[in-house]
Amino acid sequence: MWGNGRATGTGGTITNAFARTNRGILTVGQAGGTQTYAGGLDTTGAGGPVTLNGTIQTIGNPMTLAMATLGSNTTLRGSALTVTGALTGAGMDLTLDFSTPFTLPGGITGVNNFTSLKAINVSGSFATIGTQTYNAAVTLTWNSVLTGPALTLGGGLSGAGQELTLDFST
């Protein structure tokens, strides 16, 4: 399919797997709304810019994102998340809530406030404009640098033999 696509609205559930394969702009979700993808969500074939908005969740199936930009404060929720390209925050807040620990890679930039509600792995450098809040266990899977104005670790930190540099103003 060629052209732009939108999967938006303040609520709704898509029961089949959603995999976008086109060369246009794809917008997923809507600010203040919740989109549920019961069959999973895969934007890796989008071939063009992907914008994420509101709460986007999967039920029992993974979420796989290619290069994407936050269009509003965004919550991503589900069983597992894989990010295969750059994720640009565009000054918006990002909350992650996945039952399988997500590995926070380098390549995520421009996020204002970041919150991880469940266990997360950290691999590489991650800087935010605003706060970083980790409500569950954080495990280092590579030497890492976390940077921002403030850090909250609510569930402990496991270095797993890796080095961690913290650069926070408070």
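Return one quarter of the surface area of the convex hull spanned by the alpha-carbon atoms of the chain, equal to its mean projected area, in nm².
8.8 nm²
In a GNM of the chain with a 10 Å cut-off on Cα contacts, which of PRO62, PRO101, PRO49 has the highest mean-square fluctuation?
The residue that fluctuates most here is PRO49.
What three numbers, in Å, describe the spread of the alpha carbons of the stretch 84-150 along their principal axes, ordered from the longest?
On the principal axes, the stretch 84-150 reaches 26, 23, 21 Å in Cα extent.
What is the distance in Å between the Cα centroid of the stretch 108-135 and that of the stretch 38-104?
14 Å
In percent, how large is the relative contact order of the stretch 99-163, given Cα pairs closer than 8 Å and 6 or more residues apart?
This gives 29 percent for the stretch 99-163.
Give me Rg over Rh for the stretch 44-84, both radii from the alpha carbons and Rh done the Kirkwood way, two decimal places.
Using only Cα positions, Rg/Rh for the stretch 44-84 is 0.95.
Pull out a ≥ b ≥ c, the square roots of the eigenvalues of the alpha-carbon gyration tensor of the stretch 23-63, then state rounded if a/c is under 1.5, prolate if not and a/b is larger than b/c, and oblate in the remaining case.
oblate
Over the Cα atoms of the stretch 37-133, each weighted equally, I'd like the Debye log10 I(q)/I(0) at q = 0.15, 0.22, 0.23 Å⁻¹, rounded to two decimals.
-0.51, -1.21, -1.33
Return the long-range amide H neighbours of THR115 (sequence gap of 5 or more, or a different chain), with a cut-off of under 5 Å between placed amide H atoms.
So THR115 has HN proximity to LEU94, THR95, LEU96, THR133.
For the stretch 33-170, calculate the relative contact order in percent as a whole number, restricting contacts to Cα pairs under 8 Å that are 6 or more residues apart.
Taking the mean separation of contacting Cα pairs over the length of the stretch 33-170, I get 14 percent.
Taking θ = phi - 60°, what integer Hz values does the Karplus form 6.51 cos²θ - 1.76 cosθ + 1.60 yield along the stretch 62-76, in sequence order, with x for Gly and Pro?
Running phi through 6.51 cos²θ - 1.76 cosθ + 1.60 with θ = phi - 60° gives x, 10, 10, 10, 8, 3, 8, 10, 6, x, 7, 4, 10, 10, 10 Hz.
Only the coordinates and a few stated rules stand behind these numbers; no lab work does. Bear in mind that the values here come from a model prediction, so they are computed numbers and not experimental data.
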